[in-house]
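Here is the structure we will look at.
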Amino acid sequence: MRSIVKGVGHYVPENVITNADLEKMMDTSDEWIVERTGIHQRRYFTEGKDTTSSMGARAAEMALERAQMKKEEIDLIIFATLSPDYNFPGSGVLMQRQMGLSTIPAFDIRQQCSGFVYGLSMADAYIKSGIYKNILLVGAEVQSNIIDHSNKGRHIAVIFGDGAGAVVISADEKETERGILSIHLHAEGEYAEELVLKHPGSIRKNRMTVDIIENEEHRAHMNGPVVFKHAVSRFMEVINEGLEANNLTPKQIDLLIPHQANLRISEYIQKKMGLNDSQVFNNIQKYGNTTAASIPIALSEAWEQGKVKNGDLLCLAAFGSGFTWGSTFVRW
Ligand code: UT7
């Protein structure tokens, strides 16, 4: 049994925030942001219009249309996000309601930037076990409202953006070449607090207090250099793990789509692996780091641009908060 990516879609909110816009909010510059991250602009959600689940639904509808499938055929939802609409219930059920899907099960999963790759492994396992046949996997984030836009949070504010991406993954009993070839996942909770949003969480008796707000602990915190250092080595390790498992060399990769964490991280991996420009896809320049949404948004745009063709060998790889990381190889 093979798990085939039948369709891919994305949705980004219309509100474009340029580096010049950020210059007006904090002490930063277009030059610094472009040099350190490669990012020129990102999208921010509009309250009352976009939500994590509604953006996920828009992306999912596009993926279904491109898969030429009806929503009634979907039998499982996996929704990857670190920024759900509510603390509970998860965004998966909210998207289910919005899309008018039947009483199929809906997971929310929380592996941050690695959420999409972790979700793919769940989808693949469910398909290979024969339990579900057509799975909607969504990565969606609203992060602009968990960012500290003061000088204190500027290293985070310049990176993150909002958006959603989705894929339809289907079972194919006859296929022998195409589909998900391998998935390798890892986690290392030792570094949980290096990239974290603590509150409102359950560790305090009062989930939201004045001191939490005054100390900006309801905003995301990141130790940028530590995350960067671990990211570059873990990305390399887990991509190599996948290459070895499939008996492949970097030359055979048609397209590497790394989680869009920082253009400098993608460029480092590209150089270390000796890949040429046409073997790596980046769109962080336009959208910033959209966490669980970044890989499916990039996959959708790469597909639109004709850079993902039948028979191509794709590598998707991610690293993020947790720390969590993973890679997958897919024959398209
Ligand atoms: O999604 C997966 C997880 N996330 C990542 O993979 C992100 C990994 N980390 C990074 O990409 C980088 O650490 C950042 C882009 C976030 C930051 O770049 P950096 O080169 O690591 O900067 P830094 O935090 O070490 O700060 C260097 C300097 C500091 O100034 P001093 O102390 O040297 O005078 C900062 O205050 O740059 C300053 N700085 C800024 N200056 C202008 C930090 N942020 C900014 C800013 N504008 N936005």
Mind listing just one residue for me: the one in segment 202-228 that is of a type in the set (D, E, K, R) and surrounded by fewer than 12 Cβ atoms within 10 Å (Cβ to Cβ) and, of those, nearest to the chain's Cα centre (by Cα)?
GLU214
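Looking at segment 259-295 only, could you name the residues that are among the aromatic types (Phe, Trp, Tyr) and under 14 Å from GLY139 (Cβ atoms)? Before the answer, list the steps.
Residues of segment 259-295 that are among the aromatic types (Phe, Trp, Tyr), as a first pass: 268, 281, 287.
Once the filter is applied, which keeps residues that are among the aromatic types (Phe, Trp, Tyr) and under 14 Å from GLY139 (Cβ atoms), segment 259-295 yields only TYR287.
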Tell me, which residue of segment 1-21 that is assigned to a strand (DSSP E or B) and closer than 30 Å to ASN151 by Cβ is least open to solvent (accessible area, probe 1.4 Å)?
ILE17
Kindly indicate which of GLY130, GLY165 is touching a residue at least 60 places away in the same chain (Cβ under 8 Å), under 26 Å from ALA67 (Cα atoms) and open to solvent by 20 Å² or more (accessible area, probe 1.4 Å).
GLY130
Being assigned to a helix (DSSP H, G or I) and within 16 Å of the ligand (Cβ to nearest atom) is the filter here; which residues of segment 120-173 pass it?
ASN151, LYS152, GLY153, ARG154, HIS155, ILE156, ALA157
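Here is a yes/no grid of residues against (1) crowded, with 18+ Cβ neighbours inside 10 Å; (2) in a strand (DSSP E or B):
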| position | (1), (2) |
| --- | --- |
| ILE239 | yes, no |
| GLY242 | yes, no |
| LEU256 | yes, yes |
| SER278 | no, no |
| ILE297 | yes, no |
| GLY311 | no, no |
| ALA318 | yes, yes |
| GLY322 | yes, no |
| GLY326 | yes, yes |
Checking the structure you have, find out if any residue of segment 91-101 is surrounded by fewer than 16 Cβ atoms within 10 Å (Cβ to Cβ) and either of a type in the set (Gly, Ala, Ser) or more than 14 Å from the ligand (Cβ to nearest atom) (or both).
yes
Inspect segment 214-223 for any residue being within 16 Å of the ligand (Cβ to nearest atom), at pLDDT below 95 and farther than 15 Å from LEU316 by Cβ and give the result as yes or no.
yes
So, in segment 9-44, of the ones that are under 19 Å from PHE116 (Cβ atoms) and touching an Asp or Glu at 6+ places or on another chain (Cβ under 6 Å), which residue ends up nearest to the ligand (Cβ to nearest atom)?
ARG43
For a quick check of your reading of the model, give me the residue pairs whose first member lies in segment 22-37 and is assigned to a loop (DSSP other than H, G, I, E, B), whose second is within 9 Å of the ligand (Cβ to nearest atom) and open to solvent by 90 Å² or more (accessible area, probe 1.4 Å), with beta-carbon atoms closer than 8 Å and at least 6 apart or on different chains.
MET26/ARG154; ASP27/ARG154; THR28/ARG154
Residues of segment 30-51 being open to solvent by 40 Å² or more (accessible area, probe 1.4 Å) and either more than 19 Å from ALA140 (Cα to Cα) or of a type in the set (Gly, Ala, Ser) (or both), in sequence order, are ASP30, GLU31, TRP32, GLU35, ARG36, HIS40, GLY48
With respect to LEU248, determine if the residue is more than 16 Å from the ligand (Cβ to nearest atom), part of a helix (DSSP H, G or I) and open to solvent by less than 40 Å² (accessible area, probe 1.4 Å).
no
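The values are calculated or read from the model by the stated rules, or taken from the named source; none is laboratory data. Given the structure is predicted, the values throughout are model-derived calculations rather than measurements. Note that we place each Cβ from the backbone using ideal geometry, even for glycine, and neighbour counts take in every protein chain shown. With ligands, DNA and RNA removed, areas are computed over all heavy atoms of the protein, side chains included. Shrake-Rupley method; radii C 1.70, N 1.55, O 1.52, S 1.80 Å.
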